[in-house]
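Report on one structure; see the data block that follows.
The values are calculated or read from the model by the stated rules, or taken from the named source; none is laboratory data. Treat the numbers as computed from the prediction; the structure is a model and nothing was measured. Ideal geometry is used to build each Cβ from the backbone, glycine not excepted, and the neighbour counts take in all protein chains shown. The accessibility values were calculated without ligands, DNA or RNA, using every heavy atom of the protein model including side chains. Shrake-Rupley method; radii C 1.70, N 1.55, O 1.52, S 1.80 Å.
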Amino acid sequence: MKAIEKFDMLHVTDRVLVAVSGGKDSLAVWDLLTELGYQADGLYVGLGIGEYSDTSGAHARRFADEHGLKLIEVSLRDEYGYDVPTAAAATNRVPCSACGISKRHLFDKAAIDGGYNVLVTGHNLDDEAAVLLGNTLRWDIEYLARQLPVLPARDGFPKKVKPLVRLTEREMAAWCIVRGIDYLVDECPIAAGNKHLAYKAVLNSVEHESPGSKAAFYLNFLENMSPLLAGMSVAGKDSLHSCATCGAPTTGENCAFCSIVGKAAALDPVPVECVLGKSVGKSLSKRARR
Ligand code: AMP
Ligand code: FES
Ligand code: ZN
């Protein structure tokens, strides 16, 4: 694959952990990497988003079984005493915020604990272009400087790579169909209102008017802008120390994940239906707090 070579993502000797959601992109990248001869195990994080999580886990498990691959599973509810809907209520923020913090922490932890030196995710061109549009609309230099398809390992974080950044959502769906991969088609039910979905819609309409714009927007950013932004990330230079609770690298006393656990694990579980509206946090957290 061109991206793997161009961005020097992986070597055959790497121990690779693929974060697998049960959706088309992550199953396709797991499939592609094993086809290319990489040693790649899977990691599935149970987020506790009702039926959506039950079904996504089933897809990831079935793919692993059918291909004789190892799938590591981590459940937020079973292992940390909360789930994404409850964390959304506890933090009074959109679900994607606690979801993202939880996933990133557990991806890093599973990779480090399991002795994997590379963590792979299934982010595709559409995902990255949408993130880029959001970062550009705010001229968020910090995020723009770190929006790279490869982040090297550093201070207790594994190397992170996104092999699908040159491929579109449609191409990944086509790959799954051709390869007979049964993936979860549904979108996350509590992601409605997520800004990235709106950015994707904007980019699709630009693409419709001017084919090729989406790829040019993202790939030319990597080619022309990323080199100019190299070294401009402040967070990339921050000195990190160990979280007082879990030992993960962080800038504060406790990491963001432990802060969520501290708030959400004390609540009664909040059903996913209660997080479908927008201003769930305030009313629910009062009702649910013990
Ligand atoms: P998303 O944040 O849903 O856009 O997903 C981006 C990437 O994160 C996916 O392509 C997967 O590699 C990974 N991912 C998302 N959800 C999960 C999950 N529940 N378990 C493991 N990996 C996931
Ligand atoms: Fe994270 Fe929907 S998958 S909030
Ligand atoms: Zn911590």
Among all residue pairs at least 6 apart or on different chains, which show Cβ distances below 8 Å where the first residue, located in the stretch 18-30, is at positive phi and the second is assigned to a loop (DSSP other than H, G, I, E, B)? Gly22/Tyr183; Gly22/Leu184
How many residues, within the stretch 8-31, are touching a Pro at 6+ places or on another chain (Cβ under 7 Å) and modelled with pLDDT of 95 or more? 1
Being at pLDDT 95 or above and either closer than 15 Å to Asp54 by Cβ or among the hydroxyl-bearing types (Ser, Thr, Tyr) (or both) is the filter here; which residues of the stretch 73-106 pass it? Glu73, Ser75, Leu76, Arg77, Asp78, Tyr80, Tyr82, Asp83, Val84, Pro85, Thr86, Ser102
Which residue, of Leu148, Leu125, Leu133, is away from ligand 2 (no atom under 16 Å from the Cβ), in contact (Cβ under 8 Å) with a residue 40 or more places away in the chain and closer than 17 Å to Met172 by Cα? Leu125
Would you point out which residue out of Asp155, Asp186 is more than 14 Å from ligand 1 (Cβ to nearest atom) and in contact (Cβ under 8 Å) with a residue 24 or more places away in the chain? Asp155
Elements of type helices (runs of 4 or more DSSP H) contained in the stretch 37-154, each with 2 or more residues being open to solvent by 60 Å² or more (accessible area, probe 1.4 Å) and within 16 Å of ligand 3 (Cβ to nearest atom): 95-113
Kindly indicate whether any position in the stretch 72-82 is more than 10 Å from ligand 1 (Cβ to nearest atom), touching a strand residue (DSSP E or B) at 6+ places or on another chain (Cβ under 8 Å) and in contact (Cβ under 8 Å) with a residue 60 or more places away in the chain. yes
Tally of residues being in contact (Cβ under 8 Å) with a residue 24 or more places away in the chain and of a type in the set (A, V, I, L, M, F, W, C) across the stretch 198-226: 8
Within the stretch 152-202, the residues that are small (Gly, Ala, Ser) and within 16 Å of ligand 2 (Cβ to nearest atom) are Ala191, Ala192, Gly193, Ala198
Restricting to the stretch 1-30, what's the tally of residues that are over 17 Å from Arg166 (Cβ atoms) and either within 16 Å of ligand 2 (Cβ to nearest atom) or part of a helix (DSSP H, G or I) (or both)? 7
